[in-house]
Amino acid sequence: MKKRRSPKWFLVTALVLAPLSSFADKPLDLMEVYQLALNNDAEFAAAKAALKAGEELDDQGRSQLLPQISASASTQKTKTHLLYANDLASTNRTTSGNSHGWSARLQQPLFDLSKWFNYTRSKVLTEQARHQFQLELQKLILRVAEAYFDVLRAQDTLATAKAKEAAFKRQYDQAEQRFEVGLVAKTDVLEAKASYDTARVDRIVAENDVDVSLEKLRTITGEYVPSIGKLDKQMPVKTPIPNRRKDWVDNAMTQNLDIKVARDSVRAAEELLRQNKSGHAPTLNAVAQYKHTAGASSSTSVDDFSGKSNTTVYKLQVDIPIFSGGSTSSKVRQSTHELTQAQKQEEFAQRNAFQNTRNLFSTIVADVQKVDARWQSTISSMSALEATESGYEVGTRNIIDVLQAQQVLYNSQRDYLNARYDYIINSLRLRRAAGTLDERDLKTLNNWVTKKQDTELLPPLNYQ
């Protein structure tokens with residue numbers, strides 16, 4: 001028999017779940033989504049682990065230049081059978097004993113080019129790890145913005161599709177009513193139904209696109225975000241500042257993180273080449289060693305011996321590599337090719353940043369003009385639809401003209417909204433290419449995000 005839960009249990013459960021429910025229904029703005037991504041994005045978490053691992057390389061390289069201290073200890077039992085020339089029955093031919101000892105060794109490198117260049121290379125690799133982390137942070141900012149505005153883009157497209165479906169449904173219903181009283185031909189009804197059916201398909205596709213975009217956002221945030229803030233349609237659309245393409249390109253050549261990472265790879269390859277070349281050089285180490293041994297043996301022979309000894313050694317040790325089977329020369333050739341590879345990769349990163357920066361600047365300038373043109377097109381489409389509907393009422397236009405005018409209007413609305421999102425994303429990409437993208441850019445955008453869940457697609461008609 002199942003145990004019945006008391007009313008008190010249901011009250012406690014309701015009090016616990018109520019805040020969670022209210023939070024789930026609360027729209028999240030851009031910065032709140034970004035904070036979720038900082039905490040939960042798996043790709044960024046891997047980047048943080050890679051940074052911590054890279055920062056250890058500096059300590060590892062430095063450790064090779066510091067004193068190396070080691071200690072060892074051993075114990076052993078020995079048994080020896082003595083062989084005599086004369087067969088002396090009274091002599092014990094077997095001796096046995098235990099011995100043990102320990103030693104400590106201190107070694108300080110005085111001259112070792114290989115270890116020195118390994119240290120300088122480790123410093124470069126640590127710096128590269130920091131640049132790579134900054135690059136991953138910029139990528140996260142861009143991925144969050146793209147995913148966030150892809151959701152808004154999909155939601156606006158869905159709202160447009162629903163409005164279009166409703167309008168075509170009304171047109172279809174009116175056509176049927178007019179056909180029933182003999183005002184229009186059957187073809188008008190069929191045309192209206194075809195347009196309505198197409199609008200239904202567009203709405204279904206748009207609903208799926210919203211779900212897909214939300215799942216993409218979940219991948220970054222680590223949890224489902226059912227509702228996000230809307231973009232204020234009054235957000236200004238301006239040309240980049242500074243308004244010269246050359247200034248953006250100059251910034252990219254000095255601050256682009258892809259170039260910095262590639263440049264660090266060149267420096268690391270240069271240090272590795274020096275390290276491998278130093279394999280031909282002698283090394284000098286200062287060594288201090290202390291050793292203690294103790295042993296005891298038992299035998300009936302007169303040669304029985306047991307004793308202890310302490311040994312202290314100070315020395316300068318020079319090692320001169322003469323021939324290593326060709327390994328050192330091979331490593332030099334290998335690192336030479338790796339340096340060439342790194343240099344070409346740096347050149348590619350510079351060319352890519354140069355091209356992307358120039359292209360994105362031109363694209364944003366075009367986006368600004370495109371947003372204005374799309375808005376003007378929307379206004380013109382509204383006027384054209386009104387005129388077409390008036391003509392249809394008086395019989396100078398047919399239903400196909402009305403349906404086409406409605407289609408043009410809703411396409412214009414969709415294209416206008418998409419142009420605004422394209423402008424936002426391309427602006428962030430330009431800053432990413434120039435190496436200046438950071439959280440402040442998201443905060444600036446977030447100022448234009450509102451949590452009011454209105455259904456207005458377009459700004460007022462007096463929008464400038």
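The values are calculated or read from the model by the stated rules, or taken from the named source; none is laboratory data. The structure displayed is predicted, hence computed values, not measured ones. Glycine gets a Cβ as well: all are built from the backbone with ideal geometry, and neighbour counts include every protein chain shown. Just the protein is used for accessible areas: all its heavy atoms, side chains included, with ligands, DNA and RNA removed. Shrake-Rupley method; radii C 1.70, N 1.55, O 1.52, S 1.80 Å.
Spacing of the modelled spin labels on HIS337 and GLN64, each 7 Å from Cα toward Cβ, amounts to 2.2 nm.
Using only side-chain charges placed at the Cβ, +1 for Lys and Arg and -1 for Asp and Glu, the dipole size of the chain relative to its Cα centre rounds to 1560 debye. Taking a point 7 Å out from the Cα of TYR314 in the direction of its Cβ, the residues of the range 278-295 whose backbone N falls within less than 12 Å of it are 287-289. With all protein chains kept in place, the per residue accessible area of the chain amounts to 58 square angstrom at a probe of 1.4 angstrom. Close amide-amide hydrogen proximity is noted between VAL184 and PHE179, each under 5 Å apart and 5 or more residues distant or on a separate chain (H modeled in the peptide plane; Pro and chain starts excluded). Here the chain has 54 percent of its accessible surface on carbon and sulfur atoms, given a 1.4 Å probe and all protein chains in place.
The amide H of ILE228, built 1.01 Å from its N in the peptide plane, has LEU28 as neighbours under 5 Å, considering only residues 5 or more places off or on other chains. Both radii come from the Cα set of the chain: Rg as radius of gyration, Rh as Kirkwood radius; their ratio Rg/Rh reads 1.29.
Helix 30-40 and the longest principal axis of the Cα set of the chain meet at an angle near 30°.
For the pair GLN369 and LYS452, what calculated FRET efficiency results from E = 1/(1 + (r/R0)^6), where r is the Cβ-Cβ distance and R0 = 30 Å, to the nearest 0.05? It comes out at approximately 0.55. Kirkwood radius for the range 170-269, taken over all pairs of different Cα atoms as the inverse mean of 1/r, rounds to 20.2 Å. Between 0 and 90 degrees, the angle of helix 399-434 with respect to the longest Cα principal axis of the chain falls at about 30 degrees.
Diffusion coefficient (Stokes-Einstein, Kirkwood radius over C-alpha pairs, 20 °C, 1.002 mPa s) for the range 318-398: 110 µm²/s, rounded to a whole number.
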